[in-house]
Amino acid sequence: MTAPYGDGTRSVRAGEEAPVPGAPLRPSPVFAAPFHLGDQPPREGGLDAYARTDQPTLREFEAAVGELDGGRCLSFATGMAALTAAVLAFVRSGDRVVLPSDGYYTTRMLGAEELARFGIEVTEVPTPEIERVAAEDGLAGVAMVLLETPSNPRLDVCDIAAVARAARAEGALVAVDNTTATPLGQRPLELGAHLTVGSDTKALTGHSDLLLGHVSTADDELFARLKGFRDRTGSTPGPFEAWLGHRSMSTLDLRLARQAANAAAVAEVLAGSAAVTNLRWPWRPEDPSYPLAGRQMLRPNGVLSCELADEATVARLLSRTRLWSAATSFGGVHSTIDRRAQWGADAVPPGFIRLSCGIEDTADLVADLSAALDGLG
Ligand SMILES: Cc1ncc(COP(=O)(O)O)c(C=O)c1O
């Protein structure tokens, strides 16, 4: 697709080939593991041979996601498989990797429990400080910087272009976990990142019924390295997931629009409640991330965070609401609340919650949450 289409068109049509009469609008999944080779010698980019390395359903999904990211995409079985590949395909023993200290906790565990075992030195930097660290020469000798912006769960934002400039000057690779923003909400490759990574378990597929992840890059050499890593380590997703992911992605623009509209209304409810402190939504003018999010991101999404007094207050809120389900993960069609301290991994107070707005009617969500908050604090 070359025309400058809008997000709705791109969500549906990205990656599509020119139509062939008689072909389905959206091809059905192909489930084969091996494919007939006939008498042709196998060649790269030619016949399908074996589904761990290449197969048509995956290719179609990857073409679509890659087009949204502005690069070439490789899909993985989960977001963590994608992040693992994005790091391990490019670093070696003795290298130094910078990770966000306030990012998704399993990414931090990947650094502490796995990368460290292979002699990779991991330095954790808070998202709001990485730009200063980069400007003060703090990336000298670093092999890779992984950013997560907005960070999960506090939703701090960092300047991808500024960090990428400093990192490139030091010869470091820059990867961005773009999960919260989605490829419609932020395009890290255009901002100078080498790799953009997503947990497509979240908003990209958005129905809370599958696990997927991806890495995209505009650099053919990095793509080939990553593809080799995936082929050899085997974290390729199955065709059913890829097909379901592609099908779900068609509504990304619609879902994001409703989720963001819900988040804007919910932010007002939370801001007006005496029970709530430290409300965060990067698209609220009062939010510390607002100026940078407005410059760097393309559109808002439905993820917010805030604090209630304590664990018991969160439990009371959850017992009073009918439309806000207690669940981890985010970006799905259901509205959810996650008390992050219950997982014992994030440095957050006991009453800290992450809210993910679904696509229910705004008025219903607002009424339900307002009633649940009423008299809580
Ligand atoms: C920001 C972020 N990155 C990566 C992941 C990992 O994704 P997955 O659960 O698909 O492995 C998550 C999961 O919550 C996440 O929030």
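The values are calculated or read from the model by the stated rules, or taken from the named source; none is laboratory data. No experiment lies behind these values; they were computed from the predicted model shown. For neighbour counting, all protein chains shown are included, and Cβ atoms are generated from backbone atoms with ideal geometry for every residue, glycine included.
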Tell me the residue from 48, 54 that is touching a Phe, Trp or Tyr at 6+ places or on another chain (Cβ under 9 Å) and in a loop (DSSP other than H, G, I, E, B), please. 48
Taking the stretch 16-50, which residues are closer than 20 Å to residue 65 by Cβ, acidic (Asp, Glu) and at pLDDT below 90? 48
Name every residue in the stretch 79-96 that is among the polar types (S, T, N, Q) and either away from the ligand (no atom under 12 Å from the Cβ) or outside the structural domain of residue 224 (by TED's automatic domain parsing) (or both), in order of residue number. 93
Being closer than 30 Å to residue 166 by Cα and in the same structural domain as residue 160 (by TED's automatic domain parsing) narrows 207, 194 down to just 194
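To keep it simple, each residue is scored yes or no on (1) within 16 Å of residue 369 (Cβ to Cβ); (2) in a loop (DSSP other than H, G, I, E, B).
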| position | (1), (2) |
| --- | --- |
| 294 | no, no |
| 299 | no, yes |
| 316 | yes, no |
| 328 | no, yes |
| 334 | yes, yes |
With free of Cβ contacts under 8 Å to residues at least 24 places away in the same chain and either among the acidic types (Asp, Glu) or surrounded by 24 or more Cβ atoms within 10 Å (Cβ to Cβ) (or both) as the only criterion, which of 113, 131, 124 stands out? 113
Can you tell me which residues in the stretch 217-229 are over 21 Å from residue 13 (Cα atoms) and part of a loop (DSSP other than H, G, I, E, B)? 219
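Name every residue in the stretch 260-285 that is touching a helix residue (DSSP H, G or I) at 6+ places or on another chain (Cβ under 7 Å) and assigned to a helix (DSSP H, G or I), in order of residue number.
261, 262, 265, 266, 269
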Of the residues in the stretch 326-354, those that are farther than 22 Å from residue 274 by Cβ, more than 21 Å from the chain's Cα centre (by Cα) and more than 16 Å from the ligand (Cβ to nearest atom) number 0
Among (1) away from the ligand (no atom under 16 Å from the Cβ); (2) surrounded by fewer than 23 Cβ atoms within 10 Å (Cβ to Cβ); (3) under 22 Å from residue 84 (Cβ atoms), there is one condition residue 173 misses while meeting the rest; what is its number? (2)
Residues being farther than 21 Å from residue 335 by Cα, under 11 Å from the mean Cα position of the chain (by Cα) and assigned to a strand (DSSP E or B) - total across the stretch 171-216: 7
